[in-house]
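We did not get these values from a lab; they are worked out from the coordinates using the rules stated. Since we're looking at a predicted model, the values are computed, not measured. Quick reminder, even Gly has a Cβ in these numbers, built from the backbone with ideal geometry, and neighbours come from all protein chains shown.
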Amino acid sequence: MTQETDLADFLRVATDDELFHKMRELEAKSEKEGLEEVEALVDLTATEIENRFPGQSLAPYVRWKQDRLL
């Protein structure tokens, strides 16, 4: 199994909160290791967010992150 396959399996059953946590984890990893190391995983996760929230792009995730900063 690949990282992408494992992530896709996780995303199918993840709650919205788990999905957003995973995106934040991948963002942090990309900042540390470089985007090219995790780009496919970030893209897969972003696509799942967009599928769950049609027409909103990543706005629900951005709001989720902002709520955690308050």
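Under the membrane-span-like helix rule (DSSP H runs whose alpha carbons stretch at least 27 Å along the helix axis, mean Kyte-Doolittle hydropathy -1.0 or higher), the chain yields none. Thinking of the chain as a set of Cα atoms, what percent of all their pairs are more than 16 Å apart? Of all Cα-Cα distances in the chain, 46 percent exceed 16 Å. Taking each DSSP H run with n ≥ 4 as -39500 (n - 2.57) and averaging over every residue of the chain yields -27000 deg cm²/dmol at 222 nm. Entry note, the range 11-70: relative contact order of 28 percent, from Cα contacts under 8 Å with a spacing of 6+ residues. Taking Cβ atoms as reference points and 14 Å as the exclusive limit, the residues near Leu58 contribute a net charge of 0, counting Lys and Arg as +1 and Asp and Glu as -1.
Gain on full extension, evaluated as 0.36 nm per residue between Val13 and Lys65 minus their Cα-Cα distance, stands at 16.6 nm. As a rough footprinting exposure proxy, the listed residues Glu31, Glu50 were ranked by other beta carbons within 10 Å of their own, and the order from fewest upward is Glu31, Glu50.
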